[in-house]
Amino acid sequence: ISASVVLASRLTADIDVFALILFSVQAFALFPILRHRLQVSSTLVQFLMTSSLALIALALTASLSWTVMCIFFIGFFFITFLAPAFLVWAQRYKNEIRGPWDVATPKVN
């Protein structure tokens, strides 16, 4: 919100400043509270919220250009689905190496 105040100081009209500060309060203060309350609810609500936000972002980038939308979709798909799947797959090759750099474990006699 403080960055929005700094940006708002550069605006000339009062209504522009009000709109920017109102949007920043909604985006950075109120939306996380709503998101947290929705996360306590069922998995279906979480899935619908995430999907709807992704589709809105995809539609907004489509208005820029088709190329930007495709790049956004590929990045979103990779980060959301492929990267976690790769980490789950790579867990089977994980080795636990013990050495002097590890945290000390107390030995009780």
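Here are a few things to note about the model shown:
- Surface calculation, 1.4 Å probe, protein heavy atoms: Phe73 sits at approximately 110 Å² accessible.
- HN-Hα J in Hz across segment 9-16 - Karplus 6.51, -1.76, 1.60, θ = phi - 60°, x for Gly and Pro: 5, 8, 7, 9, 8, 5, 5, 5
- Per residue, the accessible area of the chain comes to 88 Å² when a 1.4 Å probe rolls over the protein heavy atoms.
- The chain: C-alpha pair distances exceeding 19 Å, %: 72 percent
- In order through segment 31-43: 3J(HN,Hα) via Karplus (6.51 cos²θ - 1.76 cosθ + 1.60), integer Hz, x for Gly, Pro: 5, x, 5, 4, 4, 5, 5, 6, 5, 6, 7, 5, 5
- The value obtained for segment 18-69, namely the Cα convex hull volume divided by the number of residues, is 82 Å³ per residue.
- Per-atom-type breakdown for segment 18-57 gives carbon and sulfur 79% of the accessible area (1.4 Å probe, protein chains only).
- In order along segment 74-90, the Karplus-derived 3J(HN,Hα) couplings, from 6.51 cos²θ - 1.76 cosθ + 1.60 at θ = phi - 60°, round to 5, x, 4, 5, 5, 5, 7, 10, 6, 5, x, 5, 5, 5, 5, 5, 6 Hz, and Gly and Pro are given as x.
The values are calculated or read from the model by the stated rules, or taken from the named source; none is laboratory data. All values reported here derive from a predicted model rather than from experimental measurement. With ligands, DNA and RNA removed, areas are computed over all heavy atoms of the protein, side chains included. Shrake-Rupley method; radii C 1.70, N 1.55, O 1.52, S 1.80 Å.
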